[in-house]
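Step one of this worksheet: look at the structure below.
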Amino acid sequence: MEIRDLTKEIRDKSIEKSKIKDIDRLATSWYQEDLLYSGKGKTIFLILPTPGCSWALGPSGGCTMCSYISDCYLKPIETEKIIELFEREFNKHDFKEDYESGEKIAIKLFASGSFLNPEEVPIEARDYILKKLSQCKEISEIVVESRPEYVNEKVLDEIFEILGDKLFEISIGLETSNEETRLNKINKGFNNKSFEKAIDIIKKSKEKYNIKSKGYIFVKPILISEKEAINEAIETAVYCENIGVDRVSCCPATIHKGTLIERLWRRGSYQPPWIWSVIEVINTIRQKVDIPALMDTSGFGSRRGPYNCKKCNKELKYMIIDSNFDQSQIEYECSCKKEWIAEVKFSELNKSKTSIKHLPLY
């Protein structure tokens with residue numbers, strides 16, 4: 001069975017088992033410190049309810065590591081309902097005092113898929129949200145996520161007709177610059193040419209608009225060794241800078257339910273990266289590229305996430321978070337580092353086979 005077929009099978013079973021969701025509970029938000037283009041500031045993180053990622057709902061089954069579809073409504077949603085829930089979540093946060101004291105405020109809109117795909121976020125809902133944000137003087141930066149195929153000049157013209165000179169960033173899940181890994185191990189469904197086309201459109205649009213791009217880098221897909229995972233992530237950041245991406249955000253693997261990566265993990269054929277690997281990735285990227293490089297710490301120290309040992313997990317997590325603000329190098333020592341060094345050194349000898357056909361899946 002090919003990766004695509006297996007991913008689809010697992011996805012369908014997961015969706016069949018999922019319970020009917022309360023749409024009002026799918027929308028959520030939080031407000032915290034973050035690194036903005038203008039420096040350290042505050043960000044509203046707001047999750048919008050959507051029918052779900054079109055790529056995951058289609059015949060591909062989606063990406064091998066992603067379970068966000070399980071948190072989606074999986075049915076059409078009225079535009080008015082999306083707007084209602086956006087308003088509810090947006091109005092939860094009192095950021096005016098921060099703004100008046102000199103803080104810069106951003107908002108990141110997550111749709112568990114592509115904000116620019118009208119099948120996921122209807123144009124009427126998109127435009128309402130952007131108009132609301134354009135009229136909010138406190139919000140200086142707006143960040144959305146999208147697959148590259150939805151990035152085009154027409155969409156950007158429509159968006160900036162509403163936004164004016166507000167900064168707008170489009171974040172794209174490139175995951176890796178290695179096409180074989182992205183297509184056959186992540187099942188992402190687009191090549192480097194598609195990504196480069198989207199970035200080129202954004203770059204050309206800078207002549208008219210205040211627009212930026214971000215590339216997500218996935219650290220340690222299935223079927224590659226610890227050493228390969230480190231090298232691919234670093235190479236991907238260099239590639240992103242070379243083609244004109246404005247910043248990168250690294251996302252180390254965590255084990256999401258209802259995914260191929262979970263099935264491999266349960267059968268002992270996969271482990272998330274060491275936190276030491278994550279540190280090696282971000283330290284090296286910051287030495288090699290000039291664009292800002294962020295590192296996500298979701299799941300650190302947990303059974304399903306990046307892990308070192310109980311002595312250093314928590315401290316390293318917070319060191320990484322702090323380093324995201326000043327883009328500094330992370331220096332730390334722990335006895336478990338020797339074990340990591342040995343695994344990286346010998347991981348090529350014991351690495352997973354490149355074919356899914358030889359792995360224990362059932």
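Key figures for this structure:
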read-out	value
Relative contact order computed over the chain (Cα-Cα under 8 Å; 6+ residues apart), in percent	15
Mean separation of Cα contacts under 8 Å, 6 or more apart, over the residue count of region 143-189: relative contact order %	46
Hull-based mean projected area of region 1-45, where the convex hull spans the alpha carbons, in square nanometres	5.9
Region 82-138 - accessible surface per residue (Å², probe 1.4 Å)	47
Rounded FRET efficiency, nearest 0.05, which uses the C-beta distance separating residue 238 from residue 327 and R0 of 22 Å	0.85
Residue (of 275, 142, 46) at the positive-pole extreme of the chain, dipole from beta-carbon charges	275
Interchain or long-range residues, amide H under 5 Å from residue 294's placed H	248, 249, 250
Cα gyration tensor, region 110-192 - rounded (a/c under 1.5), prolate or oblate	prolate
Cα-based shape type of region 12-129, given that a ≥ b ≥ c are square roots of the gyration tensor eigenvalues and the cut on a/c is 1.5	prolate
Derived scalar couplings ³J(HN,Hα) [region 220-234; Karplus, 6.51 cos²θ - 1.76 cosθ + 1.60; whole Hz; x for Gly, Pro]	6, x, 5, 6, 10, 7, 4, 5, 4, 4, 4, 5, 5, 5, 5
Bins of 10 Å from zero: percent of alpha-carbon pairs in region 212-362	11, 40, 36, 12, 1
Whole-number percent relative contact order across region 89-158, with pairs defined as alpha carbons under 8 Å at least 6 apart	41
The chain: translational diffusion in µm²/s, Stokes-Einstein, Kirkwood Rh over Cα pairs, 37 °C, 0.692 mPa s	155
Distance between region 100-170 and region 1-75 - C-alpha centres, whole angstrom	18
Simple Cβ-charge dipole of region 154-298, Lys/Arg +1 and Asp/Glu -1, about Cα centre, in debye nearest 20	360
Average projected area [Cα convex hull, region 206-259], square nanometres	5.1
Environment charge at residue 194 (Cβ cut-off 9 Å; Lys +1, Arg +1, Asp -1, Glu -1)	+1
For region 158-266: rounded, prolate or oblate by the Cα gyration tensor [a/c cutoff 1.5]	prolate
Over the chain: helical MRE at 222 nm, DSSP H runs n ≥ 4 each giving -39500 (n - 2.57), nearest 500	-12500 deg cm²/dmol
Solvent exposure of region 139-278 as accessible area per residue, Å², 1.4 Å probe	34
Estimated dipole of the chain in Debye, rounded to 20 [Cβ of Lys and Arg +1, of Asp and Glu -1, Cα centre]	1360
Charge dipole (the chain, unit charges on Cβ, about Cα centre) - positive-most of 318, 115, 181	181
Rounded percent of accessible protein surface that carbon and sulfur make up, the chain, 1.4 Å probe	48
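The values are calculated or read from the model by the stated rules, or taken from the named source; none is laboratory data. Only a predicted model underlies this, so the values are computations on that prediction, with no experimental measurement involved. Cβ: placed from backbone, ideal geometry, glycine included. Neighbour counts: every protein chain shown. Surface accessibility is based on the protein's heavy atoms, side chains included, excluding ligands, DNA and RNA. Shrake-Rupley method; radii C 1.70, N 1.55, O 1.52, S 1.80 Å.
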